[in-house]
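Below is one structure, written out as structure tokens; the observations come after it.
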Amino acid sequence: MIPNNDQQALRETVRRFARECLLPGYQKREAEGRLDRALMREMGQMGLLAADVPERLGGMGLDGVTTGMICEELAYGDFNMAGLSVEMSLLAAIMTRSAPAPIVDEWVPRMTRGEAIVAICVTEPRGGSDASSLQMRARRDGDDFVLNGEKTSISFADSADAFLVFARTGTPDSGARGITAFFVPGDASGIQRTRFTDVGCRIQGRGSVFFDDVRVPAANILAAEGKGFTEVMVGFDYSRALIALQCIGAAQASLDEAWAYTRERQAFGRPIAQFQGVTFPLVDGESTIAAVRQLAYHALALRDAGLPHTAEAAMVKWMGPKTAVDVIHQCLLTFGHYGYSLDTPHQQRMRDVTGLEIGDGTAGVMKLIIARERVGREAVQYL
């Protein structure tokens, strides 16, 4: 994919910000273990959060391909701050498409300005991949619904200002048709949160959110009652391609650092860049991430053209994180004993990216989706 002049100019702006403002503090922010709200607002002011949102709602009205460029460049500097951009694009797209106008008009501009985080609540303790079998209940009570249950493995659980919650309003055997999406303010009575101690992505504050008789107006339903599952699945086709580019951006940062190191490090009286055993694994990494990058942008281009892209999005969702983990690991090895220390960012990138081999759909689930797209739903009846 060759960017046009406008895309290239925006990419250069984001690239400078990522490398000059984000990259130097990447490891420091993880050590602090908290989301930098001031930095988030700065990103919002630059238009880097939910940039695909229409201008009337504070975005730049960008297409998916250009939004992907932003995510990739941000991840080069800080994988986790790029994750915030991906999350806001996913949630803002779902809300703009399906939420009631008053909620859209109030919350989406706050998201694009970096003033509010909305977290998506799908996964439950009994499982995450089988999203159509959610157990959390939403019981109607007059003009309200009352939510009871637990959502777990929620990104930004401890810092979100609001939640997009998927709960069952139909009977237990109604499957996907009985799931409804609710917009729930984070300060609603009856909400409690916990934070996990994770291997990576620590500033995102993944955890559980408990709903104990949380009352939500029926006016806060997205789309229509019983249509929530359809809404979230459409949104994930978009975010999966963005996630792949987020992972590729992190891998590219490690590759660039490894290449530079091969010119500096001496062994046997010459730079290690002269040894094929050192450079060929890095060449393999450059080649594979280039291939995944192109497929990710192809998936986004299909989306922008209004064409089916479910299979392509699923392909890059499993390939992106796996490829990035492998490449970053090789970069760590290139640095030798120094790479095994906490002083270099490779170990953090590897831990951060690994989380997306699980979150938003495992490789196994992505492959089942691709198989279903190729041979039909009858062949994969449980999806």
Descending Cα extents along the principal axes, the chain, whole Å: 80, 48, 42
Karplus-derived HN-Hα couplings along region 67-81 (A = 6.51, B = -1.76, C = 1.60, θ = phi - 60°), whole Hz, x at Gly and Pro: 4, x, 4, 4, 4, 5, 5, 4, 5, 4, x, 7, 4, 6, 5
Positive-end extreme of charge dipole, region 202-247 - chosen from VAL214, SER239, ILE203 (charges on Cβ): ILE203
Region 6-44-region 287-336 distance, computed between alpha-carbon centres (Å): 22
5 angstrom amide H check on GLY200, placed H, neighbours 5+ away: none
Check: the chain dipole with +1 on Lys, Arg Cβ and -1 on Asp, Glu Cβ, in debye: 500
Long-range amide H partners of ASP52 with built H, under 5 Å: MET60, LEU62
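Ranked highest first by the average count of other Cβ atoms within 10 Å around their residues, in what order do 42-51, 210-219 fall?
Values: 42-51: 22.5, 210-219: 16.2.
Listed from highest to lowest mean packing, they are 42-51, 210-219.
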Amide H contacts under 5 Å for ILE120, placed H, 5+ residues apart: LEU164
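Provide MET1, MET40 in ascending order of the number of other Cβ atoms located within 10 Å of each residue's Cβ, fewest first.
Working: MET1 13, MET40 22.
By the 10 Å Cβ count, ascending, the order reads MET1, MET40.
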Charge dipole of the chain about the Cα centre (unit charges at C-beta), most positive-ward option of GLY190, ALA82, HIS337: HIS337
Nearest 10 degrees, 0 to 90: helix 310-334 Cα axis against the chain principal axis: 40
Over the chain: helical MRE at 222 nm, DSSP H runs n ≥ 4 each giving -39500 (n - 2.57), nearest 500: -16500 deg cm²/dmol
Angle in degrees between helix 276-304 and the longest Cα principal axis of the chain, rounded to the nearest 10: 30
Relative packing of peptides 309-319, 177-187, 133-143 - highest average C-beta neighbours within 10 Å first: 309-319, 177-187, 133-143
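What list do you get for SER341, SER239 if you sort them by fewest beta carbons within 10 Å? Walk me through the intermediate numbers first.
Values: SER341 11, SER239 24.
Sorted ascending by nearby Cβ count, the order is SER341, SER239.
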Tilt relative to the chain, helix 5-17 - C-alpha long axis, 0 to 90 degrees, to 10: 80
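Any read-out appearing in this document is the output of simple, stated calculations on the displayed coordinates, not a laboratory observation. Worth saying up front: this structure is predicted, and the values here are computed from it rather than measured. Using ideal geometry, Cβ is built from the backbone for each residue, glycine included, and neighbour counts are taken over all protein chains shown.
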